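Trainee: Dumping the structure here so I can ask a few things about it.
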Number of protein chains: 2
Amino acid sequence: MSKITRQQCIEMDLKDPLSSYRKHFSLPENTCYLNGNSLGVRPIAAKQRVQDVVEREWGEDLIRSWNTNDWIHLPRRLGDKISTIIGAQAGEVIVADSTSVNLFKLAAAAIKLNPGRRKIITEPGNFPTDLYILQGLKNFLGDQVELVVCPVDEIPDAIDEDTALVVLTHVHYKTGRMLDMSDMTSRAHNKGALILWDLSHSAGAVPVKLNDVNADLAIGCGYKYLNGGPGAPAFLYVAKRHQSTLEQPLSGWFGHSNAFAMLDDYQPAPGIERTLCGTTSVIGASVLEVGVDIMANADMAQIRKKSIAMADLFIELVESYCDGFGFTLASPKDAAIRGSQVSLIHPQGFAIMQALIARNIIGDYRAPDILRFGFTPLYLRYVDIWDCVDALANIMSEESWNSEEFKKLTRVT
Amino acid sequence: MSKITRQQCIEMDLKDPLSSYRKHFSLPENTCYLNGNSLGVRPIAAKQRVQDVVEREWGEDLIRSWNTNDWIHLPRRLGDKISTIIGAQAGEVIVADSTSVNLFKLAAAAIKLNPGRRKIITEPGNFPTDLYILQGLKNFLGDQVELVVCPVDEIPDAIDEDTALVVLTHVHYKTGRMLDMSDMTSRAHNKGALILWDLSHSAGAVPVKLNDVNADLAIGCGYKYLNGGPGAPAFLYVAKRHQSTLEQPLSGWFGHSNAFAMLDDYQPAPGIERTLCGTTSVIGASVLEVGVDIMANADMAQIRKKSIAMADLFIELVESYCDGFGFTLASPKDAAIRGSQVSLIHPQGFAIMQALIARNIIGDYRAPDILRFGFTPLYLRYVDIWDCVDALANIMSEESWNSEEFKKLTRVT
C-alpha cells in the first residue's frame, strides 16, 4: 500500500466541514500544536474579553459588577452552556474551583448520598489527582471509607452492595482509552452504587451524554478541549435527581441559598449552586466563557468524525513512516474505544518529545515512556498530522537514541 | 470646635507621604471608592500584565510556559511576596484556591495536628463563609468535631483542654473591630490549642506579624486590600514548625512532592506546597501579583498611620456634619482596636447607601443596617473622605428616610 502524502492531507483539509473554526483561535506561528488535550490554545476573542473584564468590569464598574455585569450568575450561566456540550440539562452543571476540589466535594457528597456503604472504587493509573483526592478523602474519613483501586476491566465484578461510588475517567489521560459510559453506569446502578465521571479528557473532545446514560455525578476541566486558559476554573455536574439531597462539605458562602443575607447558619442553595464554595474566579471564568461559547456552537458529530479521522491518519502515518523505530501504540486502535488522542510508547520518549518540541511540534510526554498527541478538530488540520509524523520520522532517522547525550536528558516538568 | 473644611483636607493630602501611590491605580472618574475592603481597585499595570499572560504566555508559549514563564512556581513566588506583608518568612505562605477552600484545608488539618481534641471555637457573626465552612467540616467529620460558637470576648475563657483550634477573623468584616492577635494566640497556646487567623480584612490594611505573635495558621483574600482582581486566588499561611506534620484532605496533584512523576500514591510535598490542590489559576494569580508587588513595596507603618488618620477624620466629619441624622458608630472609636474601615448603623442603611452610590460615593451595605466605608491609604485622599461625608450630609438633609419610597427599596445583592 502506498504511503499517504502531504498533498493528500492538504486535500482532506480542503473538504473539512470544520475548517472555518481554525480562524477563531490564535495559533503560534510555524507550530503544530498537538497538546490541546493538556492546555488548549487561546481563542482570538479571549484577548478582547479579558481586557473588558479587567478594564471595564473590574476597573470601572468595580463592586457594582456583581449586578451590572452579572458576575453573580457567571458560574451558572457558564455551567448551562457547558451542559449542552456534555448532554446535561440547564441547572445540572456549574463552574467552580478546580477539577480536584470538585472531585473532593462530589465524592464526599456521594458517601453521604449512599449511606451504609463504604467503598469507593477507582482504577490504578487513573489521572493522579483523582487518586490523590480519593486518598485524601479516605484518610480524612477513616473507617467510613474503603478505597478500592482495581484494574478497570475488573471493576464491573468488583462493584458490590458495599460500593457507594465508582470514580472513573471517561477517556484515560495516558492511553486515550475511552470507557463505555453507559455500560459502566448501568453496572454501578445495578448494585446500587453511584458513579462519578471525570470528563477532563472528554468534554469538547468526544460526544458525552450524561443524561442519556443516567450518570449521577461528573467533573471536568476548563483548560483542555474547552480552551479556557491556563488553570481555568473547572466544572461539575450533579443529576437533577440528587440535587435536593446532596450535601457537600465545602459549604462556602457562594453555595448558600442567600449568600448576601450574611446569616450565621449555612442553608444550601436549592439547586446546583449548593456545590459552589468561595467567591467566583471572575477573570478566569470570563476567559473560559469564550472557549465554551465556541465549543457549544460546534457540531459534536463533526468534531468526533474529524477526531477519529485524524487519529486514524496519525496511526497509519506512524506505521508507514516510522516502522522499525521502536514505537508501540499505547492507545486503542479501535476508534470506538479511543478518545481524541493517540499515545505512543518509546523507551527514549522524553528525549524524542524534546526533539519534536525543538522542531515546533508540540505534543507531550508522560513518565516513564509515553508520547502523547492530542487531536483538536476545531483548530488542527490533517496536514499538521502529516508534518508531525514527518518530523518524528526525520528525528528517528537522524539521531542516535542510544547515545549518551540522549540518555542524559532528563524531564523538565 | 469648628468643623474641618474641604480645604484643610486638601492640605492634608499635600503632606501625605503615600500620595505617589495613587498613580499606580486606575480609579473610576469622579468617584470616591470607599469599598477597597470588599473589592480593591485595578492597578494600572494589571492591564499590561493580563495581556501578557493571555497573549504571550498562554497564546504563544502555551504548555511550555510551565517552565519558560515559571507558572509552576507562581503560587510559591507570590506567597513569598505576601509573606513580607503579613510578617511571615519565605516558604510559609502560598497562593491557592479561595479563602473558603483554604479554611477547609487548614481547619481539617488542625484537627489532625491536635489529636484527641474535638473543639473548634469561633465567634457568631464571623464572616459567613468562615462559619459555613466550619459547619461543613463539622457535619462531615461528625463526632470528631464539636463546633463552639461563642462571643469573642468570652472565647479566652472558653478555650480548654479539649480545644483543637480557635478560628478568628483579625479585623471583623462588619464592625472593623481588630482583635489582639498576640494576646489571643497566647491564650490559645496556653491551653494547647492551635489558632487560625482569617486575614481577609487585614492583609495590606494593618500591620500583621504572624511570626512575632507565633501564629499557627492563617488564610486571607487576594481581592480586597491586595488589589488582586475579582475572585483573585487566596493565600494561606502555615508556620514552619507545623509544615512537616500537616496533612490536609484536599490532597490534589499540585500538593504532591513530585506532581509530574504521575505516581499513583500521594506523597505530600515537604513544605508549604503540600497545601496546594489543583492546577494553579494562572491568569488570576498573575493579575494578583501586580497588586501584591505594589503593596509589598509600600511602608506598612505609613499605611497604618494614614488609615487611622482617615478613619478618625471620617468619624469626626460624621459627628460634625451628620449630627442628628440617626447614625450610630458600629466600629470602635479607639483606633488601636480598629482595622481600616468604619461602619455606621442606620435603620435605612440600604437606601442611604443606594443614594450615595448614585452620587458616585461607593461604600457598601451589609444587612440589616450597616453602611461600611473602607479606607485604602494607597489610593484614597483625605479629600475623598470629606466629599463622602459631605454627600452623606446632603442626602440626609434632602431626603425623607421614612417615606414609602425608601421603605420599598430592597437590596440588590
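Trainee: With unit charges on the beta carbon (Lys/Arg positive, Asp/Glu negative), name the residue among B:V342, B:C221, B:N114 whose Cα is farthest towards the positive pole of the charge dipole of chain B.
Mentor: B:C221
Trainee: Percent of Cα-Cα pairs per 10 Å bin, from 0 to the last occupied bin, for the range B:1-147, please list those.
Mentor: Calculated P(r), rounded to whole percents: 8, 20, 27, 23, 16, 5, 0.
Trainee: Ratio of the protein assembly as shown's C-alpha Rg to 2.2 N^0.38 Å, to two decimals?
Mentor: 0.98
Trainee: Which residues' amide hydrogens lie under 5 Å from the amide hydrogen of A:S26, considering only partners 5 or more residues apart or on another chain, with H built in the peptide plane?
Mentor: A:R42, A:I44
Trainee: Hey, could you pull the Cα Rg and Dmax for the range A:47-297, both in Å?
Mentor: Reported Rg and Dmax, both Å: 17.9, 59.
Trainee: A:N190 versus A:A358, label points 7 Å from Cα toward the beta carbon: distance in nm?
Mentor: The modelled label-to-label distance comes out at 5.3 nm.
Trainee: What does the structure give for B:43-52 when I average, per residue, the other chain Cβ atoms found within 10 Å of the residue Cβ?
Mentor: The per-residue average across the peptide is 3.
Trainee: So if R0 is 22 Å, what FRET efficiency would A:L14 and A:A298 give, r being the distance between their Cβ atoms, rounded to the nearest 0.05?
Mentor: Calculated transfer efficiency: 0.70.
Trainee: Please report, to two decimal places, log10 I(q)/I(0) for the range A:99-199 at q = 0.12, 0.14 Å⁻¹ as given by the Debye formula with identical point scatterers on the Cα atoms and no solvent.
Mentor: Treating every Cα as an identical point scatterer, log10 I(q)/I(0) equals -0.32, -0.45.
Trainee: Restricting attention to the alpha-carbon atoms of the range B:234-322, what are Rg (one decimal) and Dmax (integer), both in Å?
Mentor: Considering the range B:234-322 through its Cα atoms, Rg and Dmax are 20.9, 67 Å.
Trainee: Sort B:K3, B:K191, A:K224, B:K105 so the one with the fewest other Cβ atoms within 10 Å of its own Cβ comes first.
Mentor: B:K3, B:K191, A:K224, B:K105
Trainee: Next up: Charges at C-beta only: +1 for Lys and Arg, -1 for Asp and Glu. How large is the resulting dipole of chain A about its Cα centre, in Debye rounded to 20?
Mentor: The dipole magnitude comes to about 340 debye.
Trainee: For the range A:266-317, compute Rh as the Kirkwood radius over C-alpha pairs and then the Stokes-Einstein diffusion coefficient at 37 °C and 0.692 mPa s; write the answer in µm²/s, rounded to an integer.
Mentor: Roughly 224 µm²/s, to the nearest whole number.
Trainee: Would you order B:E11, A:E273, A:E29, B:E399 from fewest to most other beta-carbon atoms within 10 Å of each residue's own beta-carbon?
Mentor: Starting with the residue having the fewest Cβ neighbours, the order is A:E29, B:E11, B:E399, A:E273.
Trainee: Taking a label point 7 Å from the Cα of A:A336 along the Cα→Cβ vector, which residues of the range A:153-188 have an amide N closer than 14 Å to it?
Mentor: A:178-183
Trainee: One decimal, nm, shortest first: give the distances between the label point of B:I44 and those of the same position in the other copies, each label point 7 Å from Cα along Cα→Cβ.
Mentor: Distances between equivalent label points, in nm: 3.3.
Trainee: Pick from B:P368, B:P332, B:P233: which is most flexible by mean-square fluctuation in a GNM of chain B where alpha carbon atoms under 10 Å apart are linked?
Mentor: Its mean-square fluctuation being the largest, the pick is B:P368.
Trainee: Say the cut-off is 23 Å between C-alpha atoms; which of B:K47/B:K305; A:K81/A:K333; A:K224/B:K81; A:K174/A:K305 go over it?
Mentor: Among B:K47/B:K305; A:K81/A:K333; A:K224/B:K81; A:K174/A:K305, the Cα-Cα distance tops 23 Å for B:K47/B:K305; A:K81/A:K333; A:K224/B:K81.
Trainee: Looking only at B:A336, B:A351, B:A239, which one moves most when chain B is put into a Gaussian network model with springs between Cα atoms under 10 Å?
Mentor: B:A336
Trainee: Taking the Cβ of B:V145 as the center, what net charge do the other residues with Cβ under 13 Å away carry, scoring Lys and Arg +1 and Asp and Glu -1?
Mentor: For residues surrounding B:V145, the net value is +2.
Trainee: Using a Gaussian network model of chain B whose springs link C-alpha atoms within less than 10 Å, name the residue from B:L210, B:L131, B:L62 with the highest mean-square fluctuation.
Mentor: B:L62
Trainee: Right, next: Please work out the Cα center distance from the range B:264-292 to the range B:111-176, rounded to the nearest Å.
Mentor: That distance is 26 Å.
Trainee: How much mean residue ellipticity at 222 nm does the protein assembly as shown get from its helices, if each DSSP H run of length 4 or more adds -39500 (n - 2.57) and you divide by all residues, to the nearest 500 deg cm²/dmol?
Mentor: After summing the helix terms and dividing by residue count, I get -10500 deg cm²/dmol.
Trainee: Determine, for A:D80, B:D180, B:D334, the number of other Cβ atoms within 10 Å of each Cβ, and report the residues in order from fewest to most.
Mentor: B:D334, B:D180, A:D80
Trainee: Restricting attention to the range A:296-377, which trypsin sites (Lys or Arg not before Pro) occupy a DSSP loop and are surrounded by at most 16 other Cβ atoms within 10 Å?
Mentor: Hits after loop and neighbour filter: A:K333.
Trainee: On a C-alpha basis, how far is the centre of the range A:1-72 from the centre of the range B:346-377 in Å? Whole number, if you could?
Mentor: First find each Cα centre; the distance between them is then 41 Å.
Values quoted throughout were computed directly from the atomic coordinates according to the rules given, and no laboratory measurement underlies them. Keep in mind the model is a prediction, meaning the values are calculated, not measured. Positions of Cβ are generated from backbone atoms using ideal geometry, with glycine treated the same way; all protein chains shown enter the neighbour counts.
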